[in-house]
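First the structure, in the form of structure tokens, and then the observations on it.
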Amino acid sequence: MQTYSHYIITAALNRVWKKHEQSRGSLTLAGYTLPPIKTAPLMLGSVLPDVPLILLSLGAMTYDRMHGIQMSFANDPAHSLTAWLFEYAFFNVWWVKALHNLFHAPLMVLAYLLIGYGLWRQGRAWGAGLFWLAIACLIHTAIDIPLHYDDGPLLLFPFNWTLRFYSPVSYWDPRRYGNIVAPLEHLLDLGLLIYLGLGWWRGRTLRRQGAVA
Ligand SMILES: [Zn+2]
């Protein structure tokens, strides 16, 4: 899924969860009381899994442009650094795989989640932030895994560096229903943006009325 869609989905979840938290005092999951929602780490966590590869691809594209190489993902990897990154390094170079899976791999993210929860229980201030950052990464990766054919997260990283879920559906590849998934994804984005926009508008009106009263 596109990075901005992860952000929009998480923003909508943040709104729903905050409402629940306000009405009930705290959120619970399977009998466990969850740390108070930390919106900034939650929103950071929604995009963080993609950040390393975005930075690497920006670097590769800049290099290609500076050297007059036509930018293309389908170029000859021997000539274009961008093509090398996406067609070779993504699957074969250990540090590129590690960076991509630092916040994508389910086991890594679960570890951050448990560490954050444990720290919060011990009364450490940033435990709640780490917990909500990990929750957002977990949602990100739960959406990514069924929407990638051969370029999704490594399922058992760091213990296994090759196992991926070969989904029949891809969010981008037209050979794997990408031409259907992409419009649906953007329709979802639009619906969620309207939901968020209406909520913001209502909140603003209430705040104004509060200020007048
Ligand atoms: Zn991702």
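Of note:
- Residue count for region 15-67 under the criterion of being crowded, with 16+ Cβ neighbours inside 10 Å and of a type in the set (D, E): the result is 2.
- Residue within region 163-183 that is of a type in the set (K, R) and surrounded by fewer than 11 Cβ atoms within 10 Å (Cβ to Cβ) present: yes
- Per the listing Y166, Y112, Y149, Y177, the residue uniquely closer than 24 Å to V96 by Cα and modelled with pLDDT under 90 is Y149.
- In region 1-50, the residues that are farther than 21 Å from L114 by Cβ and of a type in the set (S, T, N, Q): Q2, T3, S5, N14, Q22, S23, T39
- Pairs linking a residue in region 182-202 that is part of a helix (DSSP H, G or I) to a residue that is among the aromatic types (F, W, Y), with Cβ atoms under 7 Å and 6 or more positions apart or on different chains, are A182/Y171; A182/W172; E185/Y171.
- Residues satisfying the stated conditions in region 103-132, i.e. farther than 18 Å from Y32 by Cβ, assigned to a helix (DSSP H, G or I) and within 15 Å of the ligand (Cβ to nearest atom): P106, M108
- Condition broken by L138, with the remaining ones in (1) aliphatic (A, V, I, L, M); (2) within 22 Å of K19 (Cβ to Cβ); (3) away from the ligand (no atom under 16 Å from the Cβ) satisfied: (3)
- Filtering region 141-160 to residues that are away from the ligand (no atom under 15 Å from the Cβ) and surrounded by 13 or more Cβ atoms within 10 Å (Cβ to Cβ) leaves L156, P158.
- Pairs, first more than 14 Å from V47 (Cα to Cα) in region 120-140, second within 15 Å of the ligand (Cβ to nearest atom) and at pLDDT 95 or above, C-beta under 6 Å, six or more apart: none
The values are calculated or read from the model by the stated rules, or taken from the named source; none is laboratory data. Everything numeric in this text was worked out from a predicted model, so none of it was measured. So basically every Cβ, Gly included, is an ideal-geometry build from the backbone, and we count neighbours across all protein chains shown.
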